[in-house]
Every structure is written in C-alpha cells, then in structure tokens.
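Worksheet: the structure to be examined is printed underneath.
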Amino acid sequence: MKNWKHTQKIGVFQDSSHIQVHAGIERDGNLVFFKGDPTQVQDSDVYFSISVDWKDKLVLSLLDNLYGERQSCASGFEDLMQRHHVFCERHGDWKESRTIVGAEGSAVRQVVAYVDKHGGVGLQVHDLGGPRGREDYEFHVRVPVEQKDLAILALMSEIYLEHASCLKEFEELMEKNAIPIDQIN
C-alpha cells in the first residue's frame, strides 16, 4: 500500500466506468497515476509516474493546457484554487477592472504562467491598452511552493475530471511538452 502526501480523483478507467483513476503525490514528491481506491492501491495498480524533478515543467504545461487562450485565466485560476482549498494570493488587486478585447484598436494582453525562484507557481497578466488612466496594468495570482502539489492536482482535476481517456490525454500532453513519463503498467 502506498503512503500518499495527496491524492485526487481525476477520471474513470477507460475499460470500465466504475473504476476510478486518481493522481497522487507520493511522499518523495513524485506524481503517480493509478486506478482504484487510494487506500488500497498496490504497485500493480500504478500506470505511470513523473519524477519530482519535472514538476515545474508539468505545472506550466497544465496551466498552458487549461488557460492558454482564455482572457480571464488569472481569475479562473484563482477561483479553481479556492474551490480546491489551495491558498493563493493576488497581487496588484484593483477596486475595478475589466477585460478589454479589441476596443479602439487592439488591446494587448500577455499572460505568463510562471514558477518563481522559491518554487511557487502562478499566472501573471499584463494588459496594455486598458481604460483611460489605466492604459498599462499588471497583476499576478500566486500559489506558494507549499501548496504546489495541491495546485497540480486541482489543475489535473479541472482538465481531466470524468474523462475516460484521461490517461491517454495526459500522456499526450507530457509528450508534447517533452516531460518524461516512467511507464509502470
């Protein structure tokens, strides 16, 4: 039986909708995909794992996959973290804000998913061409390093929850982002 730091239901096993697929963070920090009950999992239930060394690249890949083209990604990320009880903080919060898409020319918005030098993760938003008096503003939403594992599981749950093909989709995302997977099953 495994000793988990955290686990999260991600989807259902492709061959049988009653067997759940979970992602777990092991005590050593590795991410593992497995089937069945987290309290009863054996080595034969594990599909693949990702080394702790690849977590930063993993979280950036998940953020890009979920929020890559969304204008409200930072507030969506903040909401997701709150729903999963993951502490995050917003810097540069304003009394009022608005997303501007193409008003009087083309508004430019850059969104950068980042891992900071302390290991925290987040999204930074920089808007150019905002409302008069606030033509240029930026803010970011950050999850501290102590909560990174929970943020990874929350992102995976949001992307893959109830997908029968979650294992295949996740493998494809890892391949696309050159993140090595240790195949176990």
Counting only residues that are open to solvent by less than 50 Å² (accessible area, probe 1.4 Å) and modelled with pLDDT under 80, how many does the stretch 84-94 have?
1
D37 fails exactly one of the following numbered conditions: (1) open to solvent by 70 Å² or more (accessible area, probe 1.4 Å); (2) within 16 Å of G119 (Cβ to Cβ). What is the number of that condition?
(2)
Considering residues of the stretch 66-83 that are open to solvent by 50 Å² or more (accessible area, probe 1.4 Å) and part of a helix (DSSP H, G or I) only, the residue modelled with the lowest pLDDT:
D79
Just to check your reading of the model, which residue among L63, L153 is in contact with a Ser or Thr (Cβ under 8 Å, 6 or more places away or on another chain), assigned to a helix (DSSP H, G or I) and at pLDDT 70 or above?
L153
If only one of G122, G130 is assigned to a strand (DSSP E or B), in contact with a Phe, Trp or Tyr (Cβ under 8 Å, 6 or more places away or on another chain) and at pLDDT below 85, which one is it?
G122
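The values are calculated or read from the model by the stated rules, or taken from the named source; none is laboratory data. Just so it is clear, the model here is predicted, and its values are computed rather than measured. Note that each Cβ is placed from the backbone with ideal geometry, even for glycine, and that neighbours are counted across all protein chains shown. Areas reflect the complete protein model, heavy atoms only, side chains present, ligands, DNA and RNA absent. Shrake-Rupley method; radii C 1.70, N 1.55, O 1.52, S 1.80 Å.
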